[in-house]
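Right, one structure below, let's go through it.
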Amino acid sequence: MRDTYGLGAAAADTAFSADCPSRPILDQIADKWSMMVLAVLERPARFNEIKRRLGGVTQRVLTQSLRRLERNGMIERRVLPTSPVGVEYSLTPLGESLREPFGHLYSWTVRHSEEILRHQQAFDERPG
């Protein structure tokens with residue numbers, strides 16, 4: 001197998017196998033809401049601030065995304081000494097390291113969205 005992603009020979013051989021440990025991690029951090037959370041966490045923010053910035057996300061889905069990102073070491077949850085108790089989320093160095101590659105993916109998506117929408121429409125209009 002060609003080492004397309006610069007993983008090294010051994011990793012390139014197993015990168016797409018069913019038991020590769022990267023699969024569940026990629027699934028957990030690359031979903032829509034997780035990537036959007038990482039994008040809006042330019043600075044520490046409370047739950048409701050994140051929710052306001054992510055139009056359309058439900059409380060349940062945001063809570064699940066934040067927990068997954070925290071479990072994977074991408075964000076840190078800090079309890080604030082306020083009354084009532086508040087919580088704020090911030091990127092860890094590991095989460096921060098995703099900002100650049102995510103930025104490239106986001107830019108590509110914005111640049112190509114109209115073309116992709118045209119392809120989707122053409123596909124949907126095909127008979128059968």
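Odds and ends about this structure:
- Under 11 Å, Cβ to Cβ, from Glu49 - net charge with Lys/Arg +1 and Asp/Glu -1: +4
- J(HN,Hα) series, the range 84-99, from Karplus relation 6.51 cos²θ - 1.76 cosθ + 1.60, nearest Hz, glycine and proline x: x, 4, x, 10, 10, 10, 8, 6, 8, x, 5, x, 4, 5, 7, 4
- Residues with amide H under 5 Å from that of Arg46, placed H, sequence gap 5 or more: Tyr89
- Annotation: extensible slack from Arg23 through Val85 equals 18.7 nm (criterion: 0.36 nm per residue apart, minus Cα-Cα distance).
- Around the amide H of Gly86, modelled in the peptide plane, lie the amide H atoms of Leu80, all under 5 Å away and 5 or more residues distant in sequence or on another chain.
- Environment charge of Asp27, counting only residues whose C-beta is closer than 15 Å and scoring Lys/Arg +1, Asp/Glu -1: +3
- The H on the amide N of Ile75, modeled in the peptide plane, is under 5 Å from the matching H of Glu70, Thr92, each at least 5 residues off or on a different chain.
- Arg46/Thr109 FRET efficiency (R0 35 Å; Cβ-Cβ; nearest 0.05): 0.80
- The range 9-97: radius of gyration over Cα atoms, expressed as a fraction of 2.2 N^0.38 Å: 1.25
- Cα-centre dipole for the chain with unit charges at Cβ (Lys and Arg positive, Asp and Glu negative), debye to 20: 540 debye
- For the range 55-60, Karplus couplings with θ = phi - 60° (6.51, -1.76, 1.60), whole Hz, Gly/Pro x: x, x, 7, 8, 4, 4
Any read-out appearing in this document is the output of simple, stated calculations on the displayed coordinates, not a laboratory observation. All of these numbers come straight from a predicted model, not from anything done at the bench. Backbone-built Cβ (ideal geometry, glycine too); neighbour counts: all protein chains shown.
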